[in-house]
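The values are calculated or read from the model by the stated rules, or taken from the named source; none is laboratory data. No experiment lies behind these values; they were computed from the predicted model shown. Quick reminder, even Gly has a Cβ in these numbers, built from the backbone with ideal geometry, and neighbours come from all protein chains shown. Surface areas here come from the heavy atoms of the whole protein model, side chains and all, with no ligands, DNA or RNA. Shrake-Rupley method; radii C 1.70, N 1.55, O 1.52, S 1.80 Å.
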Amino acid sequence: MSAGDTFGRTIQLFLVDGKPTGLRKATIHGWTGLLFVSGASAFGDLTAREEVDRTGVYILSGPDPEKARATRVYIGSGNSVAERIKQSALKRDFWETAITVTTSDDDLSKGHAEYLEARLIELTSQAGRVTLDNGTQPDTSRRRLPEADVANMEQFLANLRIILPVIGLDMLKPQPRAVTQIAKPVEERTTGDVQFEIRHKSGVQATAVEEDGEFIVLEGSEALTGTGYVQQSYGGLKEKLIADGVLIPHGADRQRFAKPWSFNSPSAAAAIVLDRNSNGRVEWKVKGSKQTYHDWQQQRAAQQEAAG
């Protein structure tokens, strides 16, 4: 295996009280990092753990009370994570999930924890997937650590990038290049990606690409409006896109995507474009053909299986 190859990782998720909604413990095989995750009902169990009464960082996350369908997070650190997270939780009403990050051998110093806190805030801000509840953004350059310690903490962060999405928090994941590289022409930033399209009988047209498990509708795409269909699943999302300036008026019966937007599924994207609940796996077709997204995906899976 060469240095550039990717490889599998073993993540262990232990249900401390045997309940999927209770206290959970998450680790990566071969890494000293130790995460505990709880909801409000198991928060006392989390803070009572001996492993949490150590130096480290913590995250409080929940629905953003100011933005529909958005997540708000607070990131902190402390010499005793148990004490600090209790103080932070008392000051905030939005959180529903608490995450603590310490180590099995208690080898993080105050400087390590402050560096991790500053970098987590920085990376979360850059990713732009959640709203930060932190009032200020710490300056990582002021967290002076020896060169070797910085390298170790960056590796620690690399493991957090892997394990946080597994426990349901995507706050560090960079946005797809189709969303972030808007200064480049669409053709350039989607090079190598298969493009999908919806061509509706009304004349509405939309184009999208898939990148790293996300379905991105590109700017200039159109979306129907005022169809009269009841959108029980995605009505709130469409209202959010209008409020955020992603969808803008474009004629009497349609809107236009002023900028690209990443959806978590083809069906969510199709529902916004067609203004009704839709099966995106059949509504989206490979651009210039009649092949549906579903058929394209099945074909690709067969090719991967044959090559494997």
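Brief remarks on what is shown
- The modelled label-to-label distance for the pair SER104/ALA48, using points 7 Å beyond Cα in the direction of Cβ, is 2.4 nm.
- Read-out Kirkwood radius over Cα pairs in Å, derived from the coordinates shown; its label in [x] 21.7; [y] 19.8; [z] 20.7: [x]
- Surface share of carbon and sulfur [accessible, 1.4 angstrom probe, percent] for the chain: 47 percent
- Extension reserve of the LYS91-SER202 stretch, reckoned as 0.36 nm per residue once the Cα distance is removed: 34.9 nm
- Distance between the pseudo-spin-label points of SER80 and ALA158 (7 Å out from Cα toward the beta carbon): 3.5 nm.
- Averaged per residue, segment 41-89 has 41 square angstrom of accessible surface, using a 1.4 angstrom probe with ligands and nucleic acids left out.
- Per-peptide packing, taken as the mean over residues of other Cβ atoms within 10 Å, places 180-188, 279-287, 123-131 in the sequence 279-287, 123-131, 180-188 from highest down.
- Under the simplified labelling scheme, the ASN279-THR131 pair shows an inter-label distance of 3.7 nm, with each label point 7 Å from Cα along Cα→Cβ.
- Farthest toward the positive end of the dipole of segment 34-92, out of ILE59, GLY78, LEU35, is the Cα of ILE59, where the dipole comes from beta carbon charges about the Cα centre.
- Peptide packing for 144-152, 218-226 was compared via the average number of neighbouring C-beta atoms within 10 Å per residue; ordered from the highest value, the list is 218-226, 144-152.
- For the pair GLU122 and THR32, the difference between a 0.36 nm per residue extended length and the Cα-Cα distance amounts to 30.1 nm.
- Unsatisfied cross-links (Cα-Cα over 19 Å) in the set LYS67/LYS240; LYS259/LYS285; LYS184/LYS287; LYS184/LYS259; LYS259/LYS290: LYS259/LYS285; LYS184/LYS287; LYS259/LYS290
- Calculated FRET value between GLN297 and GLU66, using beta carbons and R₀ = 45 Å, to 0.05: 0.75
- Seen from ARG254, the other residues with C-beta closer than 12 Å to its C-beta sum to a net charge of -2, counting Lys and Arg as +1 and Asp and Glu as -1.
- The protection proxy used here, the mean number of other Cβ atoms lying within 10 Å of each residue, ranks peptides 251-261, 13-23, 104-114 as follows, highest first: 251-261, 104-114, 13-23.
- Placing unit charges on the Cβ atoms only, positive for Lys and Arg and negative for Asp and Glu, gives the chain a dipole magnitude near 760 debye about its Cα centre.
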